[in-house]
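Chemist: The structure under discussion is supplied below as structure tokens; questions concerning it will follow.
The values are calculated or read from the model by the stated rules, or taken from the named source; none is laboratory data. As the structure is a computational prediction, the values presented were derived from the model and not from experiment. Ideal geometry is used to build each Cβ from the backbone, glycine not excepted, and the neighbour counts take in all protein chains shown. Keep in mind that these areas ignore ligands, DNA and RNA; they rest on the heavy atoms of the full protein, side chains included. Shrake-Rupley method; radii C 1.70, N 1.55, O 1.52, S 1.80 Å.
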Amino acid sequence: MKPLPFLFILVLAVPALQVNAQSKKDLQAAAQIRKDITFLASDELQGRRTATEGERRAADYIEDRYRQMDIGPFMGQYRYPFYFTHGKEVSTASAISISGYTLQLNEEAFPLPFTGAGHVSGDCLPNVMESGLPWMISLYADKAEAEDPHFDWERAMYKHSKEAAEHGAPAILFYDSYGSRYQPYFNEMSEYDKVNIPVAFISYQAYHKYVADTLTTDSTDKSVKVDINIAVNRSERMGTNIAAYINNNARYTVVIGAHYDHLGLGEDGNSLYTGKEKLIHHGADDNASGTAALLQIAGWIKKHKLHKYNYLFVNFSGEELGLLGSKAFIKDDCADSTNVAYMINMDMVGRLNDSTHALYVGGVGTSPAWGNVLNEPKHFKYIIDSSGIGPSDHSSFYHAGIPVLFFFTGTHKDYHKPTDVAEKINYNGEVQVLNHVYSIVRTMEKYPKPLFTPTKQSSVGKVSFKVTLGIMPDYAYTDGGVRVDGVSDEKPAKNAGVQEGDIITQLGKYDIQGMQTYMDALGGFSYGDTTTVVVHRKDKVIKLPITFLKK
């Protein structure tokens, strides 16, 4: 489950107490779910990070399971790849030289991820900050700062780089003269926006090899000849959705989905693990549990020959990176309100608390039809949210005008940590959840295509800001500004006329270059403030007045 832009914190699950299965069918389902989750959450798959070998092996397993159940592919293929920009990488054309010596990239020097592209050549005086000349300055003010494990070296270099650009420096080189134990590195997931000049870092070894002697010489000329030609590119990656299909030649299709990707070793910055050692994030509950649930329900629908609708089963990837797989599926594969009756999403359904039996059900307000089928069963205590917007893939379908339901058994202390392992799943509890979800699917066979109704955004567990604009940002968008993926009713953006697909480039006096500057800008406003928001809408630039309402 994706933690941004908000996180549900509803039920703290205690270690699962196993409830006796009630039938042979339930026992068989629990055994198969255990088998599926045990493999998907195993060390072999290395956390199923999107666009990795672990994701590919998980996809192979899921596809084989559909084949075993004799459930065919959707439109002739199981695999639906999607491409996305994620992170940054140093251009292979980049080069940094000092005094005629070309430094080895990544070992002796590297561009910063927020660098501007360009070629700058000339003499510079280390620690002399003169307009028109490249700057070369020490990253650390003293040895104590160099040895401080809490020193934010990336933020410090970003701040100095902006100042250098403002004071007319054509480029800036940082160096380590102390040999810090906490060496900077190229942070491919950096969220800092691009500056307008080339920026690079020189290692402690390179500093002493090419610069230090210049500073200690008796000569009056202590300049250093530098030649910088650097650029940073977006890193392109490919994820893969998997889609299986039961074609009943019906007019409408029901989509049942779950994401199968997880965090890998936590490389993408979305782990809650605080240790220094890189560990596998197994993702048993998040979301091997939902993946196994989807496979089980697909098998039941196939076996019992439900036929009023066609049934499309989609295992999404890229969910943890911003619902990328489900967004791509909506965009590329024609899943919209004209052909989809409704969508059910299961994300983290493996840790039912046997004391509270709390089951979160989201999207209840997206259709009046849900009032007919969501009768709270004796096995569960419903936690209801009417909103169609949440931190999982059903949000993408809601924004396409499709009624949704979202099932979730709650967060727990292992969420987004390496300790989310298969041994902690409440397998019999998950079977209870699946029986309930399947009963809803069977009941919906009696009803026509449900009517879609828009809802307000959920207020459960959102990250707190002083003010809110009321948009869902597109976290995969990196072309400058913030692209609007959704607009909440009765919020400042909606009232101002901001629309889905708009690209916000300015908020008041603040230029918006990406998510970092967007969040910084929000911090500059208070309740009741009035300003303007500038958006790019197709080929137009539109300036809209906006007032920050009380949240």
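Chemist: Look through G269, G275, G257, G264 and report the one residue that is modelled with pLDDT under 95, small (G, A, S) and either under 15 Å from the mean Cα position of the chain (by Cα) or surrounded by 16 or more Cβ atoms within 10 Å (Cβ to Cβ) (or both). Step through it out loud before you land on a result.
Modeler: Working: G275 fails: either under 15 Å from the mean Cα position of the chain (by Cα) or surrounded by 16 or more Cβ atoms within 10 Å (Cβ to Cβ) (or both); G257 fails: modelled with pLDDT under 95; G264 fails: modelled with pLDDT under 95.
Going through G269, G275, G257, G264 in turn, just one is modelled with pLDDT under 95, small (G, A, S) and either under 15 Å from the mean Cα position of the chain (by Cα) or surrounded by 16 or more Cβ atoms within 10 Å (Cβ to Cβ) (or both): G269.
Chemist: Does Y245 count as surrounded by fewer than 18 Cβ atoms within 10 Å (Cβ to Cβ), closer than 18 Å to Y311 by Cβ and of a type in the set (F, W, Y)? Please lay out each step first, then the result.
Modeler: Values: surrounded by fewer than 18 Cβ atoms within 10 Å (Cβ to Cβ): no; closer than 18 Å to Y311 by Cβ: yes; of a type in the set (F, W, Y): yes.
Against the criterion (surrounded by fewer than 18 Cβ atoms within 10 Å (Cβ to Cβ), closer than 18 Å to Y311 by Cβ and of a type in the set (F, W, Y)), Y245 does not qualify.
Chemist: Which residues, taken from the stretch 224-242, are within 24 Å of Y477 (Cα to Cα) and open to solvent by less than 50 Å² (accessible area, probe 1.4 Å)? Can you show your working first?
Modeler: Initially, the stretch 224-242 is screened for residues within 24 Å of Y477 (Cα to Cα), giving 230-242.
Within the stretch 224-242, I230, A231, V232, S235, R237, G239, T240, N241, I242 meet the criteria.
Chemist: Further question on the same structure: Let me spell it out: the conditions are (1) modelled with pLDDT under 95; (2) open to solvent by less than 70 Å² (accessible area, probe 1.4 Å); (3) closer than 17 Å to E108 by Cβ, and D193 meets all of them except one. Which number is the exception?
Modeler: With (1) modelled with pLDDT under 95; (2) open to solvent by less than 70 Å² (accessible area, probe 1.4 Å); (3) closer than 17 Å to E108 by Cβ applied to D193, the lone miss is (3).
Chemist: Among the listed residues S387, S395, identify the single one that is assigned to a loop (DSSP other than H, G, I, E, B), in contact with a strand residue (DSSP E or B) (Cβ under 8 Å, 6 or more places away or on another chain), within 23 Å of P473 (Cβ to Cβ) and among the polar types (S, T, N, Q). Quick ask: steps written out before the conclusion?
Modeler: Numbers: S395 fails: assigned to a loop (DSSP other than H, G, I, E, B).
The match here is S387.
Chemist: Let me ask something additional. Would it be correct to say that D539 is open to solvent by 70 Å² or more (accessible area, probe 1.4 Å), within 30 Å of E236 (Cα to Cα) and without any contact (Cβ under 8 Å) to a residue 60 or more places away in the chain? Break it down stepwise before answering.
Modeler: Values: open to solvent by 70 Å² or more (accessible area, probe 1.4 Å): yes; within 30 Å of E236 (Cα to Cα): yes; without any contact (Cβ under 8 Å) to a residue 60 or more places away in the chain: yes.
Here the answer is yes, as D539 does meet what is asked.
Chemist: Here's another thing I want to ask about it. Does the stretch 479-492 contain at least one residue that is among the aliphatic types (A, V, I, L, M) and surrounded by fewer than 19 Cβ atoms within 10 Å (Cβ to Cβ)?
Modeler: In the first step, residues of the stretch 479-492 are kept if they are among the aliphatic types (A, V, I, L, M); the result is 482, 484, 487.
After this cut, where a residue has to be surrounded by fewer than 19 Cβ atoms within 10 Å (Cβ to Cβ) as well, the list is none.
No: zero hits.
Chemist: Working only within the stretch 512-542, note down all residues that are more than 16 Å from V484 (Cα to Cα), among the charged types (D, E, K, R) and outside any loop (DSSP other than H, G, I, E, B).
Modeler: D520 - this is the single residue of the stretch 512-542 that is more than 16 Å from V484 (Cα to Cα), among the charged types (D, E, K, R) and outside any loop (DSSP other than H, G, I, E, B).
Chemist: Might you check whether a residue that is touching a residue at least 12 places away in the same chain (Cβ under 8 Å), open to solvent by less than 20 Å² (accessible area, probe 1.4 Å), within 27 Å of the chain's Cα centre (by Cα) and under 25 Å from D333 (Cα atoms) occurs anywhere in the stretch 86-101?
Modeler: no
Chemist: Could you please give the count of residues in the stretch 278-307 that are open to solvent by less than 10 Å² (accessible area, probe 1.4 Å) and within 30 Å of P149 (Cα to Cα)?
Modeler: Let us first name the residues in the stretch 278-307 that are open to solvent by less than 10 Å² (accessible area, probe 1.4 Å), namely 281, 283-295, 297-298, 301.
In the following step, the residues that additionally are within 30 Å of P149 (Cα to Cα) were identified as 281, 283.
Number of matching residues: 2.
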